[in-house]
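Structure first, commentary second.
Taken together, the values in this text are just the output of simple stated rules run on the coordinates, not laboratory data. Worth saying up front: this structure is predicted, and the values here are computed from it rather than measured. Backbone-built Cβ (ideal geometry, glycine too); neighbour counts: all protein chains shown.
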Amino acid sequence: MSHPSSRRTFLRHSLQGGIALTAASTITGMISSCATPKKTTANNWPFKTPFNQQPLGYPYSALEPMIDAMTMDIHYNKHAAAYSKNLKDAAQAEGIASDSSVEAVLSNVSKYSSKIRNNAGGHYNHELFWKSMKPNAEQQPSGKLLSAIESGFNSFGNFKMKFNEAAMSRFGSGWAWLYIDNSKALHIGSTPNQDNPLMDIAEFKGLPILGLDVWEHAYYLKYQNRRADYVDGWWKVVDWASVQKRYESVI
Ligand code: MN
């Protein structure tokens, strides 16, 4: 019979050793069958984000006029780069292997410091954010994702309205999400600060497929206090092909 604390020790060692999370989850599942029910959701999503910041896929000016070049430059090179650097520093201090995936860290984030929580979340959220935008965007999804949005939210227009509500009602800093839960259903949600649905401490859990940064640093230079105008502009640069690809790779 496995004691819960030994399972935690095993998980932490697995992460430190960089074992693929799917393998760790499988073994954890085997151990769980004769132990007390586990509290954290195992992360089986097929994505592994590295700790290093990835190159931006387009020039800083590519999303103008919806998002201005200076905001993109400062956001990517100062804010987002700092999350990646601080994550690496904190991971080293807390014994997390540098080749772990951010997803693995987030799924066990309750075991680490608030510095890990803020910076692993911040790094992950921005990596997804950059990949979810592009110039000359489609304006709306198609295929299986559009069907799922229409059946889950009645219409694409209604989905956008609900997502806008999540973005606008987030008090202070945070994110609005479109995410998939463990039963592969789509949901809209909002988290404070740099939290996200992959965290074991999140109010709602799942895989984000689209995220909107509503921190003031994401829009203040161009939009000042007008968050609603920023959100309206952001819809015009959403890379729906990328969101669809992410969705279709897990359903
Ligand atoms: Mn940001």
| When a footprinting reagent is the concern and you count Cβ atoms within 10 Å, what order do 58, 230, 112 take, fewest first? | 58, 112, 230
| said: As an exercise, identify the trypsin sites (Lys or Arg not before Pro) in the range 180-251 lying in DSSP coil whose Cβ has no more than 13 other Cβ atoms within 10 Å. | reply: 184, 226
| field | the range 62-115 - Rg and Dmax from Cα coordinates, angstrom | value | 14.7, 43
| query | Counting Lys and Arg as +1 and Asp and Glu as -1, what is the net charge of the other residues whose Cβ lies under 14 Å from the Cβ of residue 76? | reply | -1
| Ratio of Rg to Rh for the range 69-248, alpha carbon only, Kirkwood? | 0.96
| task | In Å³ and rounded to a whole number, note down the convex hull volume per residue for the Cα atoms of the range 99-185. | result | 150
| field | GluC sites (Glu not before Pro) within the range 72-154, DSSP loop, no more than 12 other Cβ atoms inside 10 Å | value | none
| query | What pairs from 111/205; 88/131; 184/236; 85/184; 131/184; 111/236 go past 28 Å between their alpha carbons? | reply | 85/184; 111/236
| remark: Summing +1 per Lys or Arg and -1 per Asp or Glu among the other residues with Cβ less than 10 Å from residue 125's Cβ gives -3
| note | Rounded to whole Å, √(5λ) for the Cα gyration tensor eigenvalues of the range 132-237, largest first, gives 22, 19, 11
| For the residues 64, 203, what sequence is obtained by ranking on other C-beta atoms within 10 Å, fewest first? | 203, 64
| Once you list every other residue whose beta carbon is under 14 Å from the beta carbon of residue 59, what net charge do they have if Lys and Arg are +1 and Asp and Glu are -1? | -2
